[in-house]
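One structure is given below, encoded as structure tokens.
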Amino acid sequence: MKTFFCSIFILFVCAGNAGLHAQAPDSVLYGFTGFPHDFTATAEDEVHSIINPNSTIYAIHMDTCLPWKQALYNQPFPSWITRGWNSIKARIPEGRPLYIAMTPTSFDRYTLANPCGSTEDTPGAMPALLAGAKFNNLYVMRAYTNYVRRVIQAFNPSYVNIGIEISEMALEHAEEWPAYEALFHHVRAQLRTYHPAVKVGIELVLQSLMHPPIGALVKSTVEASDYIGISFYPYSSEYGVALGVPPLPAGDQQWLGPLNWLRTYTTKPIAICETGYTTKDIVIPAGPINLGFYGDEAKQEAYLRDLITIAKRDRYLFAIWFVPVDYEKLLVTRSDIAAEWWRIWVNTGLFNSELQPKPAWSQWQSWKLP
């Protein structure tokens, strides 16, 4: 669902602790991304002042370019990447578990991620060995494995996700799925050897996963994972329908139905890798049709209340609310076409643009209760 988020952010951060951490079997970890509500250092500070004291997991979402050449040949990554990583690590509260999402795909979820350039604003060049290659290509597997291992070495996470919203590949380009599955198994085997304590999973869009052909196609990869990661924005049902999957139910069954179904699909541990609910109606033109994304503060509060209840009931590993603060101020600075798609998540924060808590914030606090 998050396919169109702009590449200006190399890392999206969720609140929490560094290093491997023993999690009690009946506990759930909760966090946000550090997605800023404005392009200012002050906004980053404001977001972290909210999320750090109110979270128990710190997550990093890497979903733009990938340094393919440097990963393939074990060369140093561009300095702007390592500077960014160091900046992120400086914000991680000491002692909390860390979750990192990575993907070998571009935003279309079926081609290789764009190569990183020498600066954040400079496009990179794909190595000749990887140009036009499939995900099961020997050199692609080597480069992506090296990349994932270097991320793990840099951050020492408890959980990694090595395929962001990868169900959308199965949905729109099923012919590419076997190649990705081979890549997953290769990387997973290497991590079992060199980083056996790290839990490895993939992330699937829940509405797509519920479509029987998709659930069947990805099932063997899910069962080979340490956990099943979920991307779920219940108010985005029309978007899923436009891609070819059935609509979500009406009313509170919009989320209760899918979340209850999820435990029947697999016995694997569940992690909500990203979620949210809009508090304002949004309509996005998409070619010949308009896509509606509908919600309000009452629905956001009800969804979060039920999500926390089910997370505790089904002993989820963690749940990440993707946007902490509405980012209307940030959108004012955007003038390109991507800004139109950014509107889908702009009002999913638990705080409005003026940093005032919405009613759902009280539900977020409820996870602290027994």
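The values are calculated or read from the model by the stated rules, or taken from the named source; none is laboratory data. Because the structure is a prediction, the values reported are computed rather than measured. All Cβ positions, glycine included, derive from the backbone under ideal geometry; neighbour counts span all protein chains shown.
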Worksheet entry | Leading residue by the ranking (surrounded by the most Cβ atoms within 10 Å (Cβ to Cβ)) among those in the stretch 196-214 that are β-branched (Val, Ile, Thr) and within 21 Å of Ala59 (Cβ to Cβ) | Val205
Practice prompt. All but one of (1) under 21 Å from the mean Cα position of the chain (by Cα); (2) over 21 Å from Met141 (Cα atoms) hold for Tyr180, so report the exception by its number.
Written response: (2)
Item to complete: Having 1 or more residues that are of a type in the set (Val, Ile, Thr) is the bar; report the helices (runs of 4 or more DSSP H) wholly within the stretch 254-370 that clear it.
Response: 297-313, 328-332
Worksheet item: Limited to the stretch 204-253, what total is found for residues that are in contact with a Leu (Cβ under 7 Å, 6 or more places away or on another chain) and part of a helix (DSSP H, G or I)?
Response: 12
Response to the item:
Only one of Thr264, Thr279 is on the phi < 0 side of the Ramachandran plot and out of contact with any Gly (no Cβ under 9 Å at 6 or more places or on another chain), namely Thr264
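Just to check your reading of the model, which residue among Ala170, Ala154, Ala143 is touching a Leu at 6+ places or on another chain (Cβ under 6 Å), aliphatic (A, V, I, L, M) and touching a residue at least 60 places away in the same chain (Cβ under 8 Å)? Let's see the steps before the verdict.
Details: Ala170 fails: touching a residue at least 60 places away in the same chain (Cβ under 8 Å); Ala154 fails: touching a Leu at 6+ places or on another chain (Cβ under 6 Å).
Only one candidate qualifies: Ala143.
Can you tell me which residue is modelled with the highest pLDDT among those in the stretch 27-43 that are outside any loop (DSSP other than H, G, I, E, B) and within 19 Å of Asp63 (Cα to Cα)?
Kept after step one, since they are outside any loop (DSSP other than H, G, I, E, B), are these residues of the stretch 27-43: 29-33, 41-43.
From what is left, the residues that are within 19 Å of Asp63 (Cα to Cα) are 31-33.
Working: Gly31: 95, Phe32: 89, Thr33: 85.
Checked the stretch 27-43; the qualifying residue modelled with the highest pLDDT is Gly31.
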Worksheet item: Tell me, which residue of the stretch 316-370 that is surrounded by fewer than 14 Cβ atoms within 10 Å (Cβ to Cβ) and within 30 Å of Thr267 (Cβ to Cβ) is modelled with the lowest pLDDT?
Response: Pro370
